[in-house]
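Have a look at the structure below, then the notes.
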Amino acid sequence: LYLSSSSLSPMEHVTLTTPAAGVLVVELNRPKALNALSDALMKDLGVALAHAQQDQAVGAVVITGNDKAFAAGADVKELAREHANREDCVKKACLKTWYDAMGATSKPKIAAVRGYAFGGGCELALACDIVIAAENAQFGFPPLLL
């Protein structure tokens, strides 16, 4: 690894690699759920991006998923379990974790999208400074009923 700090603990829902000097790759790591964006995943993403902000060796961050899914959207099961309805979600600011995560660094963020990028996954890609799409990338906002 090229990271100047090795104090970052391993995270459950993202994997960090540095394939080249100055580049931090953050891979979303919930393959069984098609990288559905849970609160835990977004917290891990926020920790990784905050680390990138503090690490002078990091010049840019690449956010990616796997071949099947960049991120298939919000973890709908979690949202339904944790929030009675859409208004409840808004009142409890359930998406604040997401906004906090993406705002954790001012360094360039690049979305490397393969597979599905639906709903929240599409929003995550669009929140990056640059989006690079593989031939199998699919973007969209399917209807969601909670």
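Rule-based calculations on the coordinates, nothing more; no lab input. Computed from a prediction, not measured in an experiment: that's the story for all the values here. Positions of Cβ are generated from backbone atoms using ideal geometry, with glycine treated the same way; all protein chains shown enter the neighbour counts.
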Taking the Cβ of Ala60 as the center, what net charge do the other residues with Cβ under 11 Å away carry, scoring Lys and Arg +1 and Asp and Glu -1?
+1
For a quick protection proxy, order the peptides 65-76, 46-57, 127-138 by their average other-Cβ count within 10 Å, most packed first.
65-76, 46-57, 127-138
